[in-house]
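Read through the structure below, which is laid out as structure tokens, and then see the notes.
The values are calculated or read from the model by the stated rules, or taken from the named source; none is laboratory data. None of the values given here were measured: they were computed from a predicted structure. All Cβ positions, glycine included, derive from the backbone under ideal geometry; neighbour counts span all protein chains shown. To get the accessible areas, we keep the full protein, side chains included, count just its heavy atoms, and leave off ligands, DNA and RNA. Shrake-Rupley method; radii C 1.70, N 1.55, O 1.52, S 1.80 Å.
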Amino acid sequence: MWRVNSRAALLLAALSMPLAWAQEPAAFDPQIRNNALAVNPAETLALAGNSSRGTLLAYDLRAGKLLRELPGFVTPRNIVFSPDGERFYVSDSSKGVVERWHAGSWTREASLAIGPGAFGTALNRDGSRLYVNNQAAGSLTVVNLPQWKVEKVLTGFAQPRQGIKVSPDGGTVFVTNFLGDKITLVDAAKLKTHAEVGGFDKLRAISVSGDGRSLFAANSGADTLSWVDVPSRTVIKTVKVGQEPYGAALRPDGRFLYSGNLKSNSLTVVSLPAFKAVGEITGFSGPRQAISFSRDSGKAWVLNEDLGIAEVDLTRKAIVRVLAPAAG
């Protein structure tokens, strides 16, 4: 009798365990860590995340304080706002999805399957398409946002991670390949790859100029930023910055480029078109690629490793306040 009851108990436990486990998928590639920062178009709200924690933090940029935590993630990778700021999209590599959230009600509206490894995302200017890197599958997923469906999956990439940008005219998608240190150019109309650019060293974040003719990339292995001439597909200049640059952030007016130096805890200021380092902004803690700018190019928001946000006066080249990752 004891054996029967024990077997029954074990069977009941076995049946219940998968149901509980399935609600929380195992972390996907937890050794590959990144953080993400998105500021809404009105510059009133910032969302911050780190792939090692299962929540996003929402900040009130006017009041300079934490608003709330948004739960339910496993390894959130990237965040982007819709052009009207009403919604935002979050990729989660463990859940293998992109989620659509409503920014006013803080509700998760929908989830779209991309596959385990969903990583960096980029939105075209009118907000009709979302491009999603998949680090595990070596692919680029094209999402039709009005219809909320996958339009096409392009393959042949090599560990595409956080770095992905769309040219201002929407014609080209630039996808970084961490494996092989190259950038793949995708024709957005034909949805086909048509060119590659190499010559990088531990390629990280990228930025594209307003005219689409220049691309800037961070080389964390060489402590440099590279300037790529897009028409000729060649690196034309490099500049030395701080230690382990992850960011290559071009501010909206196109006059300066900023590297987020993980090991130096700083931003190097690079002037354009001279492409020379002209200053260093210090006082950060583990800044990476998560750098956002105000539309007037007067201000930057830089994510620290603890998910606090440093607000930077770009004219003074100084941090003016830090938004703490805990309610005050």
Practice prompt. Considering every residue within the stretch 223-235, establish whether at least one is in contact (Cβ under 8 Å) with a residue 24 or more places away in the chain, open to solvent by 40 Å² or more (accessible area, probe 1.4 Å) and closer than 22 Å to Gly64 by Cα.
Written response: no
Worksheet entry | Pick from the stretch 278-295, criterion among the hydrophobic types (A, V, I, L, M, F, W, C) and touching a residue at least 40 places away in the same chain (Cβ under 8 Å), ranking: farthest from Gly260 (Cα to Cα) | Phe293
Worksheet, complete the sentence: Expected single match for in a loop (DSSP other than H, G, I, E, B), open to solvent by 10 Å² or more (accessible area, probe 1.4 Å) and either small (Gly, Ala, Ser) or under 27 Å from Ala58 (Cβ atoms) (or both) among Asp169, Asp126 is Asp126
Practice prompt. Report yes if Ser259 is under 17 Å from Arg316 (Cβ atoms) and modelled with pLDDT of 95 or more, otherwise no.
Written response: no
Worksheet, complete the sentence: Scanning the stretch 280-291 for residues that are at negative phi and open to solvent by 20 Å² or more (accessible area, probe 1.4 Å) gives Glu280, Thr282, Ser285, Arg288, Gln289, Ile291
Fill in: Residue count, the stretch 76-123 (criterion: of a type in the set (A, V, I, L, M), crowded, with 24+ Cβ neighbours inside 10 Å and closer than 18 Å to Asn34 by Cα)
3
Worksheet, complete the sentence: Those residues of the stretch 143-166 that are within 19 Å of Glu99 (Cβ to Cβ), loosely packed, with under 15 Cβ neighbours inside 10 Å and of a type in the set (S, T, N, Q) come to a total of 2
Discussion item. If I ask for residues that are within 17 Å of Glu99 (Cα to Cα), out of contact with any Phe, Trp or Tyr (no Cβ under 8 Å at 6 or more places or on another chain) and assigned to a strand (DSSP E or B), which ones from the stretch 36-66 would you list?
Written reply: Ala36, Asn50, Leu57
